[in-house]
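Here the structure is laid out as C-alpha cells; the discussion comes afterwards.
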Amino acid sequence: MIFRQLFDKKSSTYTYLIASSNGREALIIDPVEENVAEYVKLLEELNLKLVKVIDTHIHADHITGASKLKNKTNCTTIMGENSPAETVDLKLKDGEIIKVDQLEIKALYTPGHTSDSYSFLMNNYLFSGDTLLINGTGRTDFQNGSSEDAYHSLFDKLLKLPEETLLYPGHDYNGKKVSTIGDEKKFNPRLQVDSINQYIEIMSNLNLSKPKMIEINVSRNLMLGG
Ligand code: FE2
C-alpha cells in the first residue's frame, strides 16, 4: 500500500492519499481546492491513477478539491448518503465497502460534527474526518451538528474499534499527525466524561468563533467546489 498524509497550512486540514502498489489505483480523502495541482503532481510522480475522491463531510473551513480532481482525472466523487451535495457521483450507506484495487475501505456513519459526517476505516487506519480529532472532537454548533449524535458516534462506534487502530483526523492545529484509539480513550480530554449529558455540557460551552468564510465555503462545497 502507498500512503501519504498531506497538510494544508491555511486550514490545518489533512488530506490523505491511499493507493494500491500493485494496480496503481489511488483514492484521495478530503482534498483542498488550492492544493489540487500538488496532488496531480504527486500522482504523476508515483505513477498512480486517481479513481476515487471522498469528502468526509461538507466542510465549513475550506473548499474541497473534489470537482477539480474529477475534471482532471475523471475520478468518482464519493460522500455518505446524508450529504446534501447533489452532484456527488456515489453516496455510501453506513457499513458499505468501496474498493481501490484490492484495498477495502469501509464507510462508517458518524454524525455529530455535521449531520452528514462519515468516517472511513481501512484495515487498522481510521480516517475520522472531524468526528474524532487528536486530543479533541469536532465542534457541533453548525451544519445540523448535534452533541448527542457526536457522543453516540464516538462512544458507540469509533471508540469501540480496537485500541491499536491508527487515528488519522481531518485536522490538527498542534502539529500532531497520528494517534491511536487507545491513546484517545485514555488522554483525549473531551472523552473523559461519565455521561452523555456531561459531553453535551462540554460541547455547549466551547464558545468558538465561526470559521471565516463559512457561508461561501459551504455553498461552494455543496457543489463539491465546482
Ligand atoms: Fe468540518
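The values are calculated or read from the model by the stated rules, or taken from the named source; none is laboratory data. Being a predicted model, the structure only gives us computed values, none of them experimental. No Cβ is skipped: glycine too gets one built from the backbone with ideal geometry, and neighbour counts run over all protein chains shown. Heads up: the accessible areas ignore ligands, DNA and RNA and are worked out on the full protein's heavy atoms, side chains in. Shrake-Rupley method; radii C 1.70, N 1.55, O 1.52, S 1.80 Å.
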Requested in this report: For the range 132-158, name all the residues that are under 17 Å from N221 (Cβ atoms) and not aromatic (F, W, Y).
Outcome: G138, R139, Q143, N144, G145
**Report entry** Odd one out for L161 among (1) open to solvent by 10 Å² or more (accessible area, probe 1.4 Å); (2) out of contact with any helix residue (DSSP H, G or I) (no Cβ under 9 Å at 6 or more places or on another chain)
**Finding:** (2)
Query raised in the report: Does the range 98-106 contain at least one residue that is within 16 Å of the ligand (Cβ to nearest atom), within 18 Å of the chain's Cα centre (by Cα) and hydrophobic (A, V, I, L, M, F, W, C)?
Result: no
Report summary line: The condition of being open to solvent by less than 30 Å² (accessible area, probe 1.4 Å) and either acidic (D, E) or away from the ligand (no atom under 14 Å from the Cβ) (or both) holds, among F127, F120, only for F120
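Quick check on the range 39-59. Is at least one of its residues part of a helix (DSSP H, G or I) and either touching a residue at least 40 places away in the same chain (Cβ under 8 Å) or under 20 Å from H171 (Cα atoms) (or both)?
Taking the range 39-59 as the starting set, the residues that turn out to be part of a helix (DSSP H, G or I) are 39-45.
Now narrow it down to the ones that are either touching a residue at least 40 places away in the same chain (Cβ under 8 Å) or under 20 Å from H171 (Cα atoms) (or both): 39.
Yes - at least one qualifying residue is present in the range 39-59.
Tally time: how many residues in the range 198-226 are open to solvent by 80 Å² or more (accessible area, probe 1.4 Å) and in contact with a helix residue (DSSP H, G or I) (Cβ under 9 Å, 6 or more places away or on another chain)?
We begin by selecting, within the range 198-226, every residue open to solvent by 80 Å² or more (accessible area, probe 1.4 Å); these are 201, 205, 207-210, 212-213, 215-216, 223.
So of that shortlist, the ones also in contact with a helix residue (DSSP H, G or I) (Cβ under 9 Å, 6 or more places away or on another chain) come out as 201, 223.
Residues in the range 198-226 being open to solvent by 80 Å² or more (accessible area, probe 1.4 Å) and in contact with a helix residue (DSSP H, G or I) (Cβ under 9 Å, 6 or more places away or on another chain): 2 in total.
Look at M223 and say whether it is of a type in the set (A, V, I, L, M, F, W, C) and closer than 29 Å to L90 by Cα.
yes
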